[in-house]
Amino acid sequence: MVLLATWFGAGLLPWAPGTWGSLAALPFAWFIHDAFGVVGLAIATAGIFVIGLWAASVYVRRDGEADPGAVVIDEVAGQWLVLVAVPPDFILYGIGFVLFRIADIFKPWPASWIDRTVKGGLGVMLDDTAAALYAGVALYVLSGWMGGG
């Protein structure tokens, strides 16, 4: 459970564990999308969200913190959700990473409301999902603009 909640230890790295978790999510997303397409990445995102609900809930109960920094499986689910919007591409994945980190840090509504209101593993997972929706839409629009249409 700790291995999953911390995304194989990425959340245990010093300084900005959410950034490390998001960064560690990128190669997995690339591989999944490359091997199984956008539908595969969408299914994997839903699956990691469900697994994250369990892992984050157990970690939160064990640790006693509302949203422990070491739990980064929420960043993985959020980052993958953002990347569902685009094909594997170094530039687009880099932009998607930055957009997600911005949205996750600033938490536009309803992510900020979820962060304050929803407790436990669901709250841990859901605020990042809400932030990812903003970043994913922005990435999709930007990728269309970059491609000319």
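The values are calculated or read from the model by the stated rules, or taken from the named source; none is laboratory data. None of the values given here were measured: they were computed from a predicted structure. Quick reminder, even Gly has a Cβ in these numbers, built from the backbone with ideal geometry, and neighbours come from all protein chains shown.
Of the residues examined, Thr45 is one that is surrounded by 21 or more Cβ atoms within 10 Å (Cβ to Cβ), under 29 Å from Gly144 (Cα atoms) and out of contact with any His (no Cβ under 9 Å at 6 or more places or on another chain). Consider the stretch 63-106 and keep the residues that are small (Gly, Ala, Ser) and over 12 Å from the mean Cα position of the chain (by Cα). The one that is nearest to Met1 (Cα to Cα) is Ala70. When you look at Asp104, is it within 14 Å of Asp74 (Cβ to Cβ) and crowded, with 21+ Cβ neighbours inside 10 Å, yes or no? So Asp104 fits the description; yes.
Per the listing Glu65, Glu75, the residue uniquely surrounded by fewer than 19 Cβ atoms within 10 Å (Cβ to Cβ) and either closer than 19 Å to Leu122 by Cα or in contact with an Asp or Glu (Cβ under 8 Å, 6 or more places away or on another chain) (or both) is Glu65.
In the stretch 8-19, the condition of being under 15 Å from the mean Cα position of the chain (by Cα) and within 14 Å of Gly121 (Cβ to Cβ) is met by no residue.
From Pro108, Pro27, Pro88, Pro14, which residue is touching a His at 6+ places or on another chain (Cβ under 8 Å) and either hydroxyl-bearing (Ser, Thr, Tyr) or free of Cβ contacts under 8 Å to residues at least 60 places away in the same chain (or both)?
The conditions single out Pro88.
Return yes or no: is Val124 modelled with pLDDT of 95 or more and under 27 Å from Met146 (Cβ atoms)? Taking the combined requirement at face value, the residue does not satisfy it. Scanning the stretch 1-15 for residues that are within 21 Å of Leu83 (Cα to Cα) and surrounded by fewer than 18 Cβ atoms within 10 Å (Cβ to Cβ) yields one hit, Phe8. All of (1) over 14 Å from the mean Cα position of the chain (by Cα); (2) under 21 Å from Ala42 (Cβ atoms) hold for Ser112 with one exception: (2). When the stretch 29-59 is filtered for residues that are closer than 20 Å to Ala103 by Cβ and of a type outside the set (A, V, I, L, M), the ones remaining, listed by number, are Thr45, Phe49, Gly52.
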